[in-house]
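Input: a single structure, listed below in C-alpha cells.
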Amino acid sequence: MAIVTQTAAADQPRSADAEPVGVGDGQLDYSLTTVPDPLTVSPASGNVELADLIIVGSRIHPSPIETNEIAVYAPIGTEAWQLVLDYTGLQTSINLTGWSATVDAAGERILFKPDTGHATLTPEQGITVQLDKLRINRQVGTAPIVMALKWRTPGSSAWRTEEQTLGVGKFPAGFHLRNLKATPNYIDNGDSVTLTWERSDAGGAEYTLLYEDKAIAVPNYTTFTVHNVTRSTVFYVRGRIQQGTGTAERTLNTYVTVNKPDLEVKNLEVSGATRMLAYSDMPLPGGVEKIVVAETDGLLAVRASNGRLEIRQSNGPNAWAPAVLVGDDSQDNLMIPMRKGLAAKFAWTSGKVGEARLHWYPFGTGALTFR
C-alpha cells in the first residue's frame, strides 16, 4: 500500500573526513513549504496543476563559508516518485543579491550561482529559493527534492558538495488538510483546549484526532474541544484518502504546554539531594545556533516570540532527532523532556532572530548549561 505523507526534512550525516565546523550537521538546514498546501496532482486529463515550492536554508554554524553553486534537483516524469511533467514555464528566484538561475532540464535540476564566481555566506545568513509554476504530474506519491550546496572554507581551494533530501507529498486532487491550531496552547492543569483545522470534503476521506492513547474519528469536524488536559500533550489530526490501490495520508500536529502538569513515573532513581520541580529561568542568547546540556533529568519549557525557533534533541553523540518548531511571529510555548547528559540545540529559521526564554524544571539539583 502506497503511503504519501507530509513533507519532512531528513537529517544528513557528515562524512568521516568532513571538517569539524559544528556538531555533526550540515552547513545549511532546509525546510520546505508548498503552495498550495498540501500539493495536489494534476487531474487525469485536462489542465495541468501548477504549484510553487519555497525552500528555506538556515545557517547553523558560527563560521562563514564560500559557495559557488546551490542546485535544486526536481525529478521530471510521469511516475509517482517524480514531481513534474517538465520545466516548461518554470519561474525561479533566490533571496541572495547578485545570483542568477539556470534551468537544466536535461540534468533535472535548477542551478543558482553567484555572478562573481563565488560568494560568502555569513554565520547568520540563510537562503530562500523559490520555484514557481511547476507543472505537477498526475500520479499520487512522494517526490524527492535534493538540495546540493557546493562550499569551501575561506582560504581553501577544495570545493565539497553537501546534499540534503526533502520529500514532497503529492496528494489526490481536491484533498487538503492544513492549519491545525490549539487555543490556547499554554494552559493551567485541568483546563480545556480547542483544536481547529481546515479540511476538504473530498469523497471517501477519513479524519482522525489522535493524542496519548486516544483515536477519535472526526469525519465532519473542523473544531474539537478536549477537556481536563492535565499534562503537556501533542495532538495530531490525520487525514486518509484512498487512491487506486494505495492510500494517501497527511498528519498534522500541534503541542499544548500545561503549567504544573501531572507526571506519571514508572521508575524514579534518586541519588543525593533532590529538589522536585525546582525552577530556573534564563534567556536564549541571540545569533547562531545554541546548544544546552542537561545535568539531570528534567523538563524544559521554551517560550519564543517574534520568530520561529527550531529545536532538536540529541539521541546520542552527534545524533539529533527531527526538529520541532516553536513560535511564528507570535508568542508560543513548548515543553520538552530532557535526559541527563543529553543536549538540545536551538536555531532561528529563515535568518530571523527572535526572542526566547528557557524555563528549566530539574528532577534533581542539576543545571541546564550552554556549551
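Quick grid of which residues meet (1) surrounded by 13 or more Cβ atoms within 10 Å (Cβ to Cβ); (2) among the hydrophobic types (A, V, I, L, M, F, W, C):
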residue: 193; (1), (2): yes, yes
residue: 196; (1), (2): yes, no
residue: 201; (1), (2): no, no
residue: 208; (1), (2): yes, no
residue: 215; (1), (2): no, yes
residue: 221; (1), (2): yes, no
residue: 227; (1), (2): no, no
residue: 231; (1), (2): yes, no
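Residues in segment 35-55 that are hydroxyl-bearing (Ser, Thr, Tyr) and surrounded by fewer than 21 Cβ atoms within 10 Å (Cβ to Cβ) were compared, and the one that is farthest from residue 200 (Cα to Cα) is 45. Listed here are the strands (runs of 3 or more DSSP E) enclosed by segment 78-196 that have at least 2 residues being in contact (Cβ under 8 Å) with a residue 12 or more places away in the chain and closer than 22 Å to residue 44 by Cα: 127-135, 141-152, 160-170.
Kindly evaluate residue 106 against the criterion of being of a type in the set (Gly, Ala, Ser) and either outside the structural domain of residue 123 (by TED's automatic domain parsing) or under 23 Å from residue 26 (Cβ atoms) (or both). So residue 106 does not fit the description; no.
Filtered by the rule that a residue be of a type outside the set (Ser, Thr, Tyr) and assigned to a strand (DSSP E or B), segment 197-223 gives 197, 198, 199, 206, 209, 210, 214, 215, 216, 217.
For the residues 183, 165, 116, the requirement of being at pLDDT below 95 and in contact with a Ser or Thr (Cβ under 7 Å, 6 or more places away or on another chain) singles out 183. Within segment 354-371, the set of residues being surrounded by 18 or more Cβ atoms within 10 Å (Cβ to Cβ) and farther than 19 Å from residue 279 by Cα comprises 354 only. The set of residues from segment 347-369 being aromatic (Phe, Trp, Tyr) and either touching a Phe, Trp or Tyr at 6+ places or on another chain (Cβ under 7 Å) or under 14 Å from residue 282 (Cα atoms) (or both) comprises 360, 361. The numbered conditions (1) on the phi > 0 side of the Ramachandran plot; (2) at pLDDT 95 or above are all true for residue 155 except (2).
Per the listing 245, 274, 233, the residue uniquely under 24 Å from residue 186 (Cβ atoms) and either out of contact with any helix residue (DSSP H, G or I) (no Cβ under 9 Å at 6 or more places or on another chain) or at pLDDT 75 or above (or both) is 233.
The values are calculated or read from the model by the stated rules, or taken from the named source; none is laboratory data. Predicted, not measured: the structure shown is a model, and the values here were computed from it. Methodologically, a virtual Cβ is constructed for each residue, glycine included, from the backbone with ideal geometry; neighbour enumeration extends over all protein chains shown.
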